Every structure is written in structure tokens, then in C-alpha cells.
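*Asks:* Dropping a structure here in C-alpha cells format, bear with me for questions.
The values are calculated or read from the model by the stated rules, or taken from the named source; none is laboratory data. Since the model is a prediction, treat every value here as computed from it, not as a measurement. Here the Cβ positions follow ideal geometry from the backbone for every residue, glycine too, while neighbour counts run over all protein chains shown.
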Amino acid sequence: MTMHSSFDKVRFLWVMAVSVLAVVLSVLAYGSPASANHANDGIIPTANDLSPNNQCVAGLSSNEVCQTDNASVTYYMDSSGEFELETPDPSVVIAAIDNYRDDTDLTVTYDSSPTFSGAGETDIVYQEGDAGFPDSVHGVTWCNDATNGTTWDCDQQYIRIRGNGRITPWTSSHETGHAVGMLHPEEWAPVFGNCSSAIAPMQKFVDCSTSTSDSLSANVVANINHVY
């Protein structure tokens, strides 16, 4: 028979306690989507976002970033009328959108028969024009139909970018980022510099050094995959 001293029993209990603590910490760490998926929070809502309404609000003047309402994203580009995308702008927009389709968990498809009301609305509508926003702004994204009963989701969003060469790879990618909830650098947690490549394409200004690129940084990809 093996004899155990009081010291052995204490040591055994200590080892068991440490093991249990390790399991608990492991569950806590991997049970938290934020800690498991991304370290830098840049998709609305964050600890630093400047949301005036604390929820998705419809309207161009709402100044509110919203999330699209699911991972299956459909989009349409205006092909006639005041806000038609003129050649070669559609190809620039498509190339930017393709990065979201290829690099994230979003499923992105073109909707050739768009729906603008009721069930199954087309998620993002791209337009070319400058109506409704100041001369200093190259593009805007706004919710047209906030999802009922949710805080941040939007059924349908509009992206309008100025013509005359303003529809660039970066601008198209930047505004698409807003349509899935991505924020400007000062609203990330932690905050980034206005032109930081670590949050491309969500830099603050079009004249940032990476403004010609439509590529998505690892931080942006991680945030989108975390939510969707």
C-alpha cells in the first residue's frame, strides 16, 4: 500500500485547482468571439464610435454607419437615369466588391433585377453623382431601410460617389466597407491614425498614401468575419 502524507494531499489539491483554473480561463478566452477573432475593433458599434443615434437610422442625412443585415450580400449599380454609373466606373466598383467576396466570409452577388422595397431588398445600391452631400466629400453611404427590431442592421443601403474620376478603387472599397459596418480610424478601438494602412481601405482621407488601392487589410477582414 502506498502511503500519502498530508503534504502529498495538499500538493494534489493544488494541482487540481490549477488545472480547473486553466480550463476556466481557456473557456473564457475561446468563448469570447472578440478575443478569439480580432484584437482591433473597427465595425460598429465600438467603444469609440461617434454614432449620434446609438442605432441604425435611415436617411442620407442621418450620418450613421450601419451593418448589412446578413452575410449574403446582393448589390446593384444604377444603369440609367440621374445616378447611372458610366463606363468605365462599373468595372472599378466590381473589382473593389470582388475583394469583399474573395477575402471575407461574405457571399456577394450581383442582382440584375433589384428590389427596392418589401421582402428581399437588394442590399447595396451603387450610384454615381453628388446630390445630397458637400463638395468636399467624394462619396457617401447611407441606410435606406433600417431593419425593424434590431439595433444596427439595415435592409438596404445606398452608396453614392461623385463622377469625373472620383470613382476610384479606394473610394469604391471604402464606401463598401461602410455598408458592412466598418468605421473611420478615429472610431476604432484602439484608435488608428487617419492614413494607417493597418485598416485599409477605411483610412480617413482620399489623399492617404494607400488611396489608390482597393485591398482589404487583415484587420478589416477579421472584423467582417467576426460579425458575419
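*Asks:* Provide a single number: the residues in the stretch 144-165 that are surrounded by fewer than 14 Cβ atoms within 10 Å (Cβ to Cβ) and over 22 Å from the mean Cα position of the chain (by Cα).
*Replies:* Result for the stretch 144-165: 2.
*Asks:* Being among the hydrophobic types (A, V, I, L, M, F, W, C), surrounded by fewer than 22 Cβ atoms within 10 Å (Cβ to Cβ) and in a helix (DSSP H, G or I) is the filter here; which residues of the stretch 192-228 pass it?
*Replies:* Scanning the stretch 192-228 gives Ala198, Ala218, Val221, Ala222, Val227.
*Asks:* Quick check: is even one residue across the stretch 123-136 touching a Gly at 6+ places or on another chain (Cβ under 7 Å), among the aliphatic types (A, V, I, L, M) and within 21 Å of Val93 (Cα to Cα)?
*Replies:* Checked the stretch 123-136: no residue is touching a Gly at 6+ places or on another chain (Cβ under 7 Å), among the aliphatic types (A, V, I, L, M) and within 21 Å of Val93 (Cα to Cα).
Residue-wise test of (1) touching a helix residue (DSSP H, G or I) at 6+ places or on another chain (Cβ under 7 Å); (2) at pLDDT 90 or above; (3) not charged (D, E, K, R).
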{"position": "Val18", "(1), (2), (3)": "no, no, yes"}
{"position": "Pro33", "(1), (2), (3)": "yes, no, yes"}
{"position": "Pro45", "(1), (2), (3)": "no, yes, yes"}
{"position": "Cys66", "(1), (2), (3)": "no, yes, yes"}
{"position": "Asp69", "(1), (2), (3)": "no, yes, no"}
{"position": "Thr87", "(1), (2), (3)": "no, yes, yes"}
{"position": "Leu106", "(1), (2), (3)": "yes, yes, yes"}
{"position": "Ser117", "(1), (2), (3)": "no, yes, yes"}
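*Asks:* Has the stretch 166-184 got at least one residue that is surrounded by fewer than 19 Cβ atoms within 10 Å (Cβ to Cβ) and either over 24 Å from Ala200 (Cα atoms) or aliphatic (A, V, I, L, M) (or both)?
*Replies:* no
Quick grid of which residues meet (1) touching a strand residue (DSSP E or B) at 6+ places or on another chain (Cβ under 8 Å); (2) over 21 Å from Asp49 (Cα atoms); (3) basic (Lys, Arg):
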| position | (1), (2), (3) |
| --- | --- |
| Ala119 | no, yes, no |
| Asp155 | yes, yes, no |
| Thr210 | no, yes, no |
| Asn219 | no, no, no |
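*Asks:* On the given criteria, is Gly181 at positive phi and touching a strand residue (DSSP E or B) at 6+ places or on another chain (Cβ under 9 Å)? Show your work before the answer.
*Replies:* Working: at positive phi: yes; touching a strand residue (DSSP E or B) at 6+ places or on another chain (Cβ under 9 Å): yes.
Criteria met by Gly181.
*Asks:* OK, next. With the requirement that a residue be touching a residue at least 12 places away in the same chain (Cβ under 8 Å), farther than 22 Å from Glu86 by Cβ and loosely packed, with under 12 Cβ neighbours inside 10 Å, what does the stretch 96-143 give you?
*Replies:* Ser117
*Asks:* Still on this model: So if I check each of Val57, Val73, Val65, which one is farther than 15 Å from Glu175 by Cα and either within 17 Å of the chain's Cα centre (by Cα) or in contact (Cβ under 8 Å) with a residue 40 or more places away in the chain (or both)?
*Replies:* Working: Val73 fails: farther than 15 Å from Glu175 by Cα; Val65 fails: farther than 15 Å from Glu175 by Cα.
Exactly one of Val57, Val73, Val65 is farther than 15 Å from Glu175 by Cα and either within 17 Å of the chain's Cα centre (by Cα) or in contact (Cβ under 8 Å) with a residue 40 or more places away in the chain (or both), namely Val57.
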